[in-house]
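For reference, the structure discussed in these notes is given below.
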Amino acid sequence: MRDQPPSPQPPQDLQQIGSPEQFAALAHPLRQRLLFVLGHRPATISGLAVQLDAKKGNVAHHLKVLREAGLVHIAETRQVRGGTEHHYQRTARRMVVDEPRADGTAAMFAAVAQELERSPSETCLTLRHLRLSPAKAQELAETLARLVDEAEEDEEEQPMHGVLVTLYQQAAQLGITDGSP
């Protein structure tokens with residue numbers, strides 16, 4: 001059997017997340033980390049296991065869940081040593097969850113925490129609470145999204161960096177006044 005060409009469907013630029021299968025798939029930190037790694041280039045189960053310091057069986061299982069949810073696909077297959085090697089890739093460069101769910105968000109934060117712990121260099125983690133009008137909050141969200149989207153990438157041999165951006169309005173807390181009359 002000859003090597004197959006890359007998937008006829010290149011990764012989309014943007015994928016909306018909304019199905020129950022997708023939310024379930026996003027509710028595990030290893031699956032989140034797999035999506036982080038597969039965001040730039042296809043990789044094999046063995047390569048992912050080494051990069052994520054995980055067992056190949058675990059990686060294979062979680063890739064199957066991601067594939068069934070439509071979040072990754074097989075970008076290429078090759079015959080190697082009597083077997084077939086699959087190269088997995090994310091289905092989209094960016095994935096947007098319009099209505100995040102607690103379990104998926106918790107898994108993403110757990111995955112980011114694992115990535116921060118394994119980082120070989122200084123990390124930046126900042127949480128700040130600001131009082132903003134709805135218009136200023138919208139302007140800040142758009143500016144942050146634009147900064148991330150327009151960031152120029154260096155050559156492939158440069159280290160990969162993760163960027164997590166969130167802007168949220170805190171829920172009102174009972175018994176605490178906000179200074180309003």
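The values are calculated or read from the model by the stated rules, or taken from the named source; none is laboratory data. Because the structure is predicted, anything quoted here is derived from the model rather than measured. Because the Cβ atoms are built from the backbone with ideal geometry, glycine has one as well, and the counts that use them run over all protein chains shown. All accessible areas refer to the heavy atoms of the entire protein, side chains included, with ligands and DNA or RNA removed. Shrake-Rupley method; radii C 1.70, N 1.55, O 1.52, S 1.80 Å.
Every listed requirement among (1) modelled with pLDDT under 85; (2) not in a loop (DSSP other than H, G, I, E, B) is met by GLY179 save one, (2).
Which of the residues belonging to segment 146-167 are of a type outside the set (Val, Ile, Thr) and in contact with a helix residue (DSSP H, G or I) (Cβ under 8 Å, 6 or more places away or on another chain)?
At the first step, the residues of segment 146-167 found to be of a type outside the set (Val, Ile, Thr) are 146-147, 149-162, 164, 167.
Once the filter is applied, which keeps residues that are of a type outside the set (Val, Ile, Thr) and in contact with a helix residue (DSSP H, G or I) (Cβ under 8 Å, 6 or more places away or on another chain), segment 146-167 yields GLY162, LEU164, LEU167.
Can you tell me which residue among LEU147, LEU130 is surrounded by fewer than 14 Cβ atoms within 10 Å (Cβ to Cβ), at pLDDT 90 or above and not in a helix (DSSP H, G or I)?
Numbers: LEU147 fails: not in a helix (DSSP H, G or I).
Answer to the selection: LEU130.
Taking LEU116, is it touching a residue at least 12 places away in the same chain (Cβ under 8 Å) and either closer than 16 Å to PHE36 by Cβ or within 15 Å of the chain's Cα centre (by Cα) (or both)? In short, no.
Put simply, of PRO42, PRO20 the only residue that is open to solvent by 30 Å² or more (accessible area, probe 1.4 Å) and free of Cβ contacts under 8 Å to residues at least 40 places away in the same chain is PRO20. Among the conditions (1) under 26 Å from ASP13 (Cβ atoms); (2) open to solvent by 70 Å² or more (accessible area, probe 1.4 Å); (3) assigned to a strand (DSSP E or B), the only one that GLN79 does not satisfy is (1).
The set of residues from segment 45-75 being over 22 Å from GLU21 (Cα atoms) and not basic (Lys, Arg) comprises SER46, GLY47, LEU48, ALA49, VAL50, GLN51, LEU52, ASP53, ALA54. Among the residues of segment 82-124, those that are under 21 Å from VAL50 (Cβ atoms), in contact with an Asp or Glu (Cβ under 9 Å, 6 or more places away or on another chain) and open to solvent by 60 Å² or more (accessible area, probe 1.4 Å) comprise HIS86, ARG118.
Within segment 19-69, how many residues turn out to be within 16 Å of VAL97 (Cβ to Cβ) and either of a type in the set (A, V, I, L, M) or touching a Ser or Thr at 6+ places or on another chain (Cβ under 6 Å) (or both)? Before you say what the answer is, go through the steps one by one.
Going through segment 19-69, the residues within 16 Å of VAL97 (Cβ to Cβ) turn out to be 19-29, 31-32, 35-36, 39, 66, 69.
When the remaining residues are screened for being either of a type in the set (A, V, I, L, M) or touching a Ser or Thr at 6+ places or on another chain (Cβ under 6 Å) (or both), the result is 24-27, 35, 66, 69.
The qualifying residues number 7.
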